[in-house]
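The values are calculated or read from the model by the stated rules, or taken from the named source; none is laboratory data. Remember, it's a predicted structure, so these values are computed and weren't measured experimentally. Heads up, the Cβs are rebuilt from the backbone with ideal geometry, glycines too, and the neighbour counts pull from every protein chain shown.
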Amino acid sequence: MSCRMHQRFTELNRSGRAALVTYICAGDPDHDTSLALLKQLPAAGADIIELGMPFSDPMADGPTIQAAALRALQTGQTLRKTLDMVRQFRTEDHTTPLVLMGYYNPIHHYGPGAFIRDANDAGVDALLIVDLPAEHDDELGPGARALGMHIIRMATPTTDAERLPAVLDGAGGFLYYVSHNGVTGIGAADNQQVSTALACIREHTSLPVCVGFGVRTPAQAAALGRDAAGVVVGSALVEKLAEQGVEPALGLVRELAAALKIR
């Protein structure tokens, strides 16, 4: 694990609480607002940040994050601008792990080698590329790992024991467990099913496992955080930002962080 990621999970484990992993889409609703929110997330309680790379066809995402990506693209957000946001974030924050999350098309267009180099230089800790299966990450995975960046993989309720070793091969940082089948922001986790799945996954890996998709409230986060190493909240935060602005979005982060202190 990178120094930042390893240190963060070590600290959280010692304190006996799960990580709050927050997702926002870079450039939503505009570059300046997005950057302002990004810089304030750690102080509000975000332990790890997922920064979305906006893409025109985010097939794994529900309507809330789809709309966020469209807003960002319409205001001129690009992958280069997203990397620049990371650089600006790192001028003030040297400890919060930051994950770039998105789809492979923009990276392919940028050039995988150049992207890996620039992301590393900007201060990115890990990449989570939703539509890049483990068997097809030859253009991205080896180069990223050579520079110390993690490739975060996703497991779902349909990932069986036969498939899981391939998912875990070359994985780092943490494993993202999708709490239910479907897209982001829709549906809710079955806590018992998640608990059973996490127990099975831990038989195959020592990576921390963070649970996401459909986590919207502090109560849901607290329930999942009793078993998981971390809880990912995205659509609820993006929705709060879109409807009410930066300060209410930060207020939601504070509520989620407070709930995760109960374990």
query: Do we find that Asp84 is part of a helix (DSSP H, G or I), among the acidic types (Asp, Glu) and surrounded by fewer than 20 Cβ atoms within 10 Å (Cβ to Cβ) in this structure?
result: yes
task: Would you point out which residue out of Pro58, Pro29 is of a type outside the set (A, V, I, L, M, F, W, C) and at pLDDT 95 or above?
output: Pro29
- prompt: Inside region 3-53, can you point out the residues that are within 25 Å of Arg226 (Cβ to Cβ), in contact (Cβ under 8 Å) with a residue 12 or more places away in the chain and acidic (Asp, Glu)?
  reply: Asp47, Glu50
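Say we look at region 160-188 and pick out the residues that are farther than 22 Å from Pro142 by Cβ and touching a helix residue (DSSP H, G or I) at 6+ places or on another chain (Cβ under 6 Å); which of these is modelled with the lowest pLDDT? Before you say what the answer is, go through the steps one by one.
Here is the first cut: in region 160-188, the residues farther than 22 Å from Pro142 by Cβ are 160-162, 177-188.
The next check asks that each one be touching a helix residue (DSSP H, G or I) at 6+ places or on another chain (Cβ under 6 Å); those that pass are 179, 184-185.
On the way: Ser179: 84, Thr184: 51, Gly185: 44.
Selected residue: Gly185.
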task: Please state which of the following conditions Gly212 fails to meet, knowing it meets all the rest: (1) in contact (Cβ under 8 Å) with a residue 60 or more places away in the chain; (2) touching a Ser or Thr at 6+ places or on another chain (Cβ under 8 Å); (3) surrounded by fewer than 20 Cβ atoms within 10 Å (Cβ to Cβ).
output: (3)
- line: Flagged in region 1-28 as within 27 Å of Lys240 (Cα to Cα) and assigned to a loop (DSSP other than H, G, I, E, B), in numbering order, are Arg17, Ala18, Ala26, Gly27, Asp28
message: Restricting to region 84-111, name every residue that is polar (S, T, N, Q) and more than 17 Å from the chain's Cα centre (by Cα).
response: Gln88, Thr91, Asn105
statement: Residue pairs within 6 Å by beta carbon, gap of at least six or interchain, first lying in region 125-140 and within 24 Å of Thr22 (Cα to Cα), second outside any strand (DSSP E or B) and aromatic (Phe, Trp, Tyr), listed first then second, are Ile129/Tyr104; Val130/Tyr103; Asp131/Tyr103; Asp131/Tyr104; Leu132/Tyr104
Members of region 59-69 that are in contact (Cβ under 8 Å) with a residue 12 or more places away in the chain and either buried (at least 23 other Cβ atoms within 10 Å of the Cβ) or in a helix (DSSP H, G or I) (or both): Asp61, Pro63, Thr64, Ile65, Ala67, Ala68, Ala69
message: Suppose the filter is closer than 17 Å to Ile48 by Cα, modelled with pLDDT of 90 or more and touching a helix residue (DSSP H, G or I) at 6+ places or on another chain (Cβ under 8 Å); does Ala155 pass it?
response: no
